[in-house]
Amino acid sequence: MQEPTFLIMTALAAGPQHGYGLIQQVAELSGGRLRLRPGTLYGALDRLAGEGLVARDREEVIDGRLRRYYRLTDPGADALATHARRLRANADAAEARLRIRLRAATT
Amino acid sequence: MSGSELERRYRRLLRAYPAGYRADRGEEMVGTLLALARPGQRWPRPAEAVDLLAGGLGCRVRAPMPNTIRAGLSVAGPLALALAGALATFWLVFYEALPVRPFGYLDEYEHFIVLPSPHTAGWPLYLPWIAALAALLLGLGRLARALTGLAVFAQLGALILAAGTALPLPPVYVHAVLALFGLLALGSPAGGLHLPGRARLALVFVPGLLLGLFLLWADNPDGWVAIRYDGPWRADLTQIYQPVVVVLGATLLALALRHASSRWLTAMPLLAGPLALLICASEGLGPATRAAAVAAWLVSLAALWWLTGRYTWLPEPRQPAPGG
């Protein structure tokens, strides 16, 4: 799972979001490092919907503009949890090795 | 107003996406783009333009497969295998097994010129196609698919060999046409290649009947070899090919119109591609026939393009719960 996909799913984990909200949340989650553009975002949403990980939720019209909300499906939440565990395990392993390196450098 | 100008420019960029996608997603995307725009912005930023153009292109490339073309392949697949099997049988019998080709041409003195059969080393390549056709006619869909896979694999290998070596193999277009039909057959949805019982019966009896009539008409007292030289059956290629293509095309079109479904209408351009290639590569056909074949294929491709733009891209939104 690539980082933008991971962050889109993370943004949806707390509740349904519309496209603009997703772009804002992904920027916030990545500390401003990742700014999704609409073409990329909607391409990712299509792909995730095709895999059954994301689904359309509801629509509303604000100031004459259509907003469509997306939500994480149950399989999507499972996939996100699995990936998060994998990332955590990788991060733990990297930190453990770095501690060994640090100890070796100081002795 | 700068807002409406910007909106118009975004909409122009969104034309990179297929019409069906725009109908479904256009308003939503415009809303998101405008929400992201800076105050007073009049033009899309270059990075946005590149992003939308790339998104539209990606959408066009990956989108048609899930619905329209996949549905078309369920019809085109078995028919493509039937055509490949028939062509392989024809080429094996008339270009490899018999001493001369069935079609020649009239020279300027009105003499009928008979062409010798090429007798290439590629004749075993036709056997898996014929076996796959037999499996299709017997209703053994999974076996037909497996044999088609084998035939395509061998044919693609031969295509590379024919293009790069001096081995006496059939011409490149023969491999290309068979491989294209085979790929169409393999592209049909999983679970094997199946034709309805009536279609299978028609595929056995119609060519059998035609062959029987041909043999009666050929009046060959001296057997197969003798009839090739002065029998009344001999034909100029153009005289035979055009009626065959017209009858085949009319049959496919009639089937498509009878079923009047996007599956059938999508199947036609898929099958027309290899057929157009076959017509263009065949010897003895005039430029008008070749041009007509390519034009018919392009028209059907345009129709396919139009069809693939019209479908729902994502599941419908969830209906709100009553009272919720």
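A short reminder: the numbers here are calculations on the coordinates, not readings from a lab. On a predicted model such as this, the values are computed, not experimentally measured, just so you know. Neighbour counts run over all protein chains shown; Cβ positions are idealised from the backbone, glycine included.
Quick check of the Kirkwood formula: for region A:3-106, what is the inverse mean of 1/r over all pairs of different Cα atoms, in Å?
15.2 Å
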10 Å Cβ neighbours from other chains, averaged over peptide A:40-47: 5
Cα→Cβ-extended label distance, 7 Å offset, between B:V294 and B:L201, nm: 4.3 nm
Ranked packing of B:25-31, A:72-78, B:41-47, most packed first, by mean Cβ within 10 Å: B:25-31, A:72-78, B:41-47
Shielding of A:62-69 by partner chains, average beta-carbon count, 10 Å: 5
Angle in degrees between helix A:19-29 and the longest Cα principal axis of chain A, rounded to the nearest 10: 20 degrees
Charge dipole (region A:3-106, unit charges on Cβ, about Cα centre) - positive-most of A:L98, A:G21, A:H83: A:L98
